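So the structure is just underneath, and the comments pick up after that.
The values are calculated or read from the model by the stated rules, or taken from the named source; none is laboratory data. Keep in mind that this is a model prediction, so the values were computed, not measured. Here the Cβ is made from the backbone with ideal geometry for all residues, glycine too, and neighbour counts use every protein chain on show. SASA here: full protein model, heavy atoms, side chains in, ligands and nucleic acids out. Shrake-Rupley method; radii C 1.70, N 1.55, O 1.52, S 1.80 Å.
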Amino acid sequence: LSGGQQQRVALARILINEPEVILLDEPFSALDAHLRDRMEREVMAVLKDFGRDTLIVSHSRDELYRMTDRIAVYNNGHIEAIGEKHALFSAPGTYTAALLTGCKNFSAVSDLRQENGRTLFTADDWGVELSVPGEQAGDIVGLRRHYIRLAEGPGENTCRMEIDSVTEDPFECVVFLRRPGFQGVPLGWAVPKEEYQTLPSGPLWIHFPDQALMLLKK
């Protein structure tokens, strides 16, 4: 049997026994990408008809986001974070939860203080002064690569950066940014290829949307 046929037979064996709960442990990990997508859609249709609880274990953030309603982050033998998937992705709460939900930009935080209804702090590894609304606390700030924005000039949560390096994916470029003269950790910015081709040469004004900045516990 092919990989996809083996998965179908395994699922049929489960369902014929009328289980109370289905456990799927990395069900698509051994499949090619094109077959994985097809099998995922087939399994989701079967689980919808099943109508009971299903527990899926996976290392794929995207797979879990598409297939589940709630996600638990398991770390060092215990559940570190759990919640409805949209809420967990927008506010993971901890460094590990943010990392496992796909965040790749992190910086240590210092000089955290409250002023005029906002929380101000320094992102030490990026060399940037930032702020978020309300009273928040955390040891680390995280920022997902897709949320960085190009700005026209100075402003709140905006700084001047230069391109350190670029990596090319099939449909986007990851532009690594660094403050001029600052030897910190480069900041990854995911840019569609069409937009990347229109970026001006030289230093850029980069905006960090405050709703996208996540203060996290270690």
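When the range 145-184 is filtered for residues that are closer than 18 Å to Leu213 by Cα, open to solvent by 80 Å² or more (accessible area, probe 1.4 Å) and among the aromatic types (Phe, Trp, Tyr), only Tyr147 remains. Among the conditions (1) within 26 Å of His146 (Cα to Cα); (2) open to solvent by less than 80 Å² (accessible area, probe 1.4 Å); (3) at pLDDT below 95, the only one that Glu42 does not satisfy is (1).
Working carefully through the options Tyr147, Tyr196, find the one that is of a type in the set (Ser, Thr, Tyr), in contact with a helix residue (DSSP H, G or I) (Cβ under 6 Å, 6 or more places away or on another chain) and either modelled with pLDDT under 95 or at negative phi (or both).
Working: Tyr196 fails: in contact with a helix residue (DSSP H, G or I) (Cβ under 6 Å, 6 or more places away or on another chain).
Criteria check complete, one pass: Tyr147.
Filter the range 185-215 down to the residues that are over 19 Å from the mean Cα position of the chain (by Cα) and closer than 30 Å to Glu135 by Cβ, then identify the one that is least open to solvent (accessible area, probe 1.4 Å). So the residue we want is Ile206. Considered as a group, the residues in the range 11-26 that are touching a residue at least 12 places away in the same chain (Cβ under 8 Å) and assigned to a helix (DSSP H, G or I) include one that is least open to solvent (accessible area, probe 1.4 Å), and that residue is Leu11. Going through the range 21-34 one residue at a time, which ones are modelled with pLDDT of 85 or more and over 23 Å from the mean Cα position of the chain (by Cα)? The answer is Val21, Ile22, Leu23. A single entry from Thr96, Thr167 fulfils the requirement of being free of Cβ contacts under 8 Å to residues at least 40 places away in the same chain, under 20 Å from the mean Cα position of the chain (by Cα) and within 18 Å of Leu204 (Cα to Cα): Thr167. Candidates Val185, Val175, Val191: the one that is out of contact with any helix residue (DSSP H, G or I) (no Cβ under 8 Å at 6 or more places or on another chain) and closer than 12 Å to Arg145 by Cα is Val191. Among residues that are within 27 Å of Gly142 (Cβ to Cβ), in contact (Cβ under 8 Å) with a residue 60 or more places away in the chain and not in a helix (DSSP H, G or I), Ser29 is not included. Beta carbons closer than 6 Å, at least 6 apart along the sequence or on distinct chains, pair a first residue in the range 193-209 that is farther than 15 Å from Thr167 by Cα with a second that is assigned to a loop (DSSP other than H, G, I, E, B) and of a type outside the set (Ser, Thr, Tyr) for Trp205/Gly153; Phe208/Asn157.
Checking each residue in the range 110-133 for being open to solvent by 30 Å² or more (accessible area, probe 1.4 Å) and not charged (D, E, K, R) picks out Ser110, Leu112, Gln114, Asn116, Gly117, Leu120, Pro133.
Residue check: is Gly142 open to solvent by less than 70 Å² (accessible area, probe 1.4 Å), at pLDDT below 95 and either in a strand (DSSP E or B) or within 17 Å of Pro200 (Cα to Cα) (or both)? When the stated conditions are applied, Gly142 does not pass them. Within the range 145-184, the set of residues being part of a loop (DSSP other than H, G, I, E, B) and more than 27 Å from Glu115 (Cα to Cα) comprises Asp169, Pro170, Phe171, Pro180, Gly181, Gln183.
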